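Working notes, beginning with the structure itself.
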Amino acid sequence: MLRSSPPAGIIVEPCKSNLHRWNAVILGPENTPFEGGTFKMSLHFPLDYPYRPPIIKFDTRMFHPNVAADGRIALNELRNRWRPGLSMATILTSIRQLLDGPNTAITVNEQAADFYRTRRREFNIIARQAVEQSWRSLYEDERQQALGNENNSAKRSRTE
């Protein structure tokens, strides 16, 4: 269901080799410093999911009050408000909404929180750098995939 009709601005794909791991991309919301960004995330579902929440991290480096340096996300629904009935669509939508407006009550990046509260212009500039990095990261992934495909084709033609 989530794959066939994901929430707006979100792309989700399970890993072929491990169904407990999924990849997602969140598109930066319009009229925010994150607009135009393609932010990669990894989702890991524990064996006892849905009784325990998934571990969700941004793989793309972010400057955001609710995103730690290692990509961990401070979201109530993934912490003390988790319940088995929460859908992944709801969780991913909540994460995207954090890009629209951080929750400064539960921060994991104090520098980003301080900039967001007191130096919004500088916060926006640094956040835009994450958008630019997301473009480079996306391009690099495509380039690596293309190189991998070329190498595989070359290997096949040598063995034929």
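What the table shows:
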item: Value of relative contact order over region 45-145, rounded to a whole percent, pairs C-alpha under 8 Å and six or more apart; result: 30
item: Added length on full extension, which subtracts the Cα-Cα distance from 0.36 nm per residue, D48 to L19; result: 9.1 nm
item: Helical segments meeting 27 Å axial Cα length and Kyte-Doolittle -0.5 threshold in the chain (DSSP H); result: none
item: Value at 222 nm in deg cm²/dmol, rounded to 500, when DSSP H runs of n ≥ 4 in the chain each add -39,500 (n - 2.57); result: -13500 deg cm²/dmol
item: Cβ-defined net charge surrounding I126, 15 Å radius [Lys, Arg +1; Asp, Glu -1]; result: +1
item: Total formal charge among the other residues, if their Cβ is under 13 angstrom from that of I56, Lys/Arg +1 and Asp/Glu -1; result: +4
item: Potential lengthening between A68 and S5 on full extension [0.36 nm per residue; Cα-Cα distance subtracted]; result: 19.8 nm
item: Order of E77, E122 - criterion: other Cβ atoms within 10 Å of each residue's Cβ, fewest first; result: E122, E77
item: Within region 42-102: Cβ-based charge dipole about Cα centre, in debye rounded to nearest 20 (Lys, Arg +1; Asp, Glu -1); result: 100
item: Radius 9 Å from Cβ of P29, net charge of other residues (Lys, Arg +1; Asp, Glu -1); result: -2
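Since every read-out is calculated from the coordinates, none of them should be taken as a lab result. Source: prediction; values computed, not measured. In this analysis, Cβ positions are derived from the backbone assuming ideal geometry, glycine residues included, and neighbour counts consider all displayed protein chains.
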